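J.: A single structure is presented below for examination.
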Amino acid sequence: PPWLRELLFALRLDGLLKRLALAWMGCKSAEVKLSNRIQTAVEVLPYPTIFGWHTKRDDELTFMLQLSSNGLRLVPSHLAGNFSFHSQVNPLDEFKADPIPEVKLDPQGTYVTFTLSDGDQLMMMNTAELGNWNSPARGSIPFNWETQPLLADLAPALLERFSRTKTANDCLVAGPSGAGYVVPPLAAHFSDYMRATTKTCQKAGINVVTTYVADPPRRVLNQLVKYKGHLLGFLSGYAIVTRAPQELVQGTPVFANEIPQVAHIWDTASQLLSQLEGLLLKVNDKPRFIGVHLFAYRTSIDDVAAFIKKHNTGHLHFVRADEFLLLAQKHLNNSSK
């Protein structure tokens, strides 16, 4: 529960508990013990990185909990083809971040931003984010694309394909949870991870990050913003487990997505968008900010474009992630005066 997590992190007992858990898991399984030994031996260049995916004998969450606790980040490289080629193709130019948008807050507005998941996977980048990038709908609506910023080093020309063909409505965001996949509260060296993320995102021309956990402990939130560098802010939560806080942390917006709940990750597009429609009908406090994290294997940009076409009226605004965070920041700054 959140209160217990906050207590453990405040007392700095999380590191001890992680080490005990890893040792206990290793005692129960020779395979886990060997895996721990391999993972802890990975070199720091500049942050320990593992390429691959989990096996059929475990699952994604178990795998991520283990490698994050062992101080690693993951570059998901299952089904990633031709990267020996991509790694050798030089980009035409340096990556440049989009200009920081000028935003005007509608006091009665409801702001919604959509983010396509799983762009940290090399396979997603190598398949034009499973075809969504090639959709005729792209460019017609504000839309965020999770991206693997480490492509700036691993496959720079592939990343450049996205950066050079994006429209004014396309926003490339890093995550989860930055440069390489980690579960932030469990990351053994999260400050180092954030330093590496900031440096890599700057090189990749990215200024927004999606972070995996919607409601991390306060100590993790403070680390996020302490080492954020040029980053504008953070969208948090692959899915919501308990809470979806939206706040300024030392002046930086860290806003949890409100959709989906963890039990609804596999909902169809119609189910997910019906949930959003219901949420919009219940909006009372204004302005309101709703982040929607789209599971890439269930909901497409075409589904979102059709939804926006039906609902883009009045004080309902669909915006990019950078606009969303800047507007939220403006609103909370105004509220604190």
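The values are calculated or read from the model by the stated rules, or taken from the named source; none is laboratory data. Note that the structure is predicted; figures quoted are calculated from it, not measured. When we count neighbours, we look across all protein chains shown, and the Cβ atoms used for this are built from the backbone with ideal geometry, even at glycine.
J.: Write out, first by first residue and then by second, each pair whose Cβ atoms fall under 9 Å of each other, whose residues are 6+ apart or on separate chains, and whose first residue, in region 294-320, is assigned by TED's automatic domain parsing to the domain that holds PRO176 while the second is at pLDDT 95 or above and of a type in the set (Lys, Arg).
T.: ILE301/ARG138; ALA305/ARG138
J.: Could you go through region 297-311 and let me know if any residue there is closer than 26 Å to LYS228 by Cβ, under 17 Å from the mean Cα position of the chain (by Cα) and at pLDDT 95 or above.
T.: no
J.: Quick one: in region 9-30, of everything that is in contact with a Pro (Cβ under 8 Å, 6 or more places away or on another chain) and surrounded by 15 or more Cβ atoms within 10 Å (Cβ to Cβ), which residue is nearest to ASN222 (Cα to Cα)?
T.: Residue satisfying both the conditions and the ranking: PHE9.
J.: I would also like to ask the following. So, in region 144-200, how many residues would count as being closer than 16 Å to LEU116 by Cβ, without any contact (Cβ under 8 Å) to a residue 40 or more places away in the chain and among the aromatic types (Phe, Trp, Tyr)?
T.: Of the residues in region 144-200, 2 are closer than 16 Å to LEU116 by Cβ, without any contact (Cβ under 8 Å) to a residue 40 or more places away in the chain and among the aromatic types (Phe, Trp, Tyr).
J.: Give me the residue from region 276-296 that is over 21 Å from TYR212 (Cα atoms) and either among the aliphatic types (A, V, I, L, M) or part of a helix (DSSP H, G or I) (or both) and, out of that set, modelled with the lowest pLDDT.
T.: By that ranking, first place goes to VAL283.
J.: If PHE63 passes every condition in (1) over 22 Å from ILE265 (Cβ atoms); (2) in a helix (DSSP H, G or I); (3) free of Cβ contacts under 8 Å to residues at least 40 places away in the same chain; (4) not hydroxyl-bearing (Ser, Thr, Tyr) but one, which one does it miss?
T.: Looking at each condition in turn, PHE63 falls short on (1).
Residue-wise test of (1) touching a Gly at 6+ places or on another chain (Cβ under 6 Å); (2) touching a residue at least 24 places away in the same chain (Cβ under 8 Å).
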{"residue": "ALA30", "(1), (2)": "no, no"}
{"residue": "ILE50", "(1), (2)": "no, yes"}
{"residue": "ARG73", "(1), (2)": "yes, yes"}
{"residue": "PRO99", "(1), (2)": "no, no"}
{"residue": "THR110", "(1), (2)": "no, yes"}
{"residue": "GLN121", "(1), (2)": "no, yes"}
